[in-house]
Amino acid sequence: QLGYTLPTPLAAVHFADSEQISTWAAPAAAAMQRAGIMAGKDGNRFDPQASATRAETSAVLRRFVESVIDPDAA
């Protein structure tokens, strides 16, 4: 909605727990994974029902800023 375009340098990953990702969130989760902004956890899990730690949230925001908002910072 803000006019940013997500890069898609990575191949799509089928997470072991992908059926736990809500239907409405699946396209966004896949886009964030393909952009390299979000990654899975150990055991090829996305863990969509877990809470994010401050460190995980900070890493996601940093990757988003570096790859989408200001690619020159990457």
Nearest-0.05 FRET efficiency for Ala16 and Val65 at R0 = 35 Å, using Cβ-Cβ distance, is 0.75
Residue-averaged 222 nm ellipticity for the chain, from DSSP H runs of 4+ at -39500 (n - 2.57), nearest 500 | -8000 deg cm²/dmol
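For the chain, the longest stretch holding no chymotrypsin sites (Phe, Trp or Tyr not before Pro) located in a DSSP loop with at most 12 other Cβ atoms within 10 Å is which? Write out the running numbers ahead of the final one.
Numbers: sites that count: Tyr4, Trp24.
Result, exposed sites excluded: 25-74.
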For the chain, what is the accessible area per residue in Å², given a 1.4 Å probe and the full set of protein chains?
-> 74
Dividing the Cα convex hull volume of the chain by residue count, how many Å³ per residue is that?
-> 103
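Would you work out what percent of the accessible area of the chain, with all protein chains in place, is carbon or sulfur (probe 1.4 Å)? Walk me through the numbers before you get to the answer.
Numbers: 3060 of 5450 Å².
The nonpolar share, carbon plus sulfur, comes to 56 percent.
The values are calculated or read from the model by the stated rules, or taken from the named source; none is laboratory data. Quick caveat: nothing in here was measured; it's all calculated off a predicted structure. Backbone-built Cβ (ideal geometry, glycine too); neighbour counts: all protein chains shown. These accessible areas exclude ligands, DNA and RNA; they are computed on the full protein's heavy atoms, side chains included. Shrake-Rupley method; radii C 1.70, N 1.55, O 1.52, S 1.80 Å.
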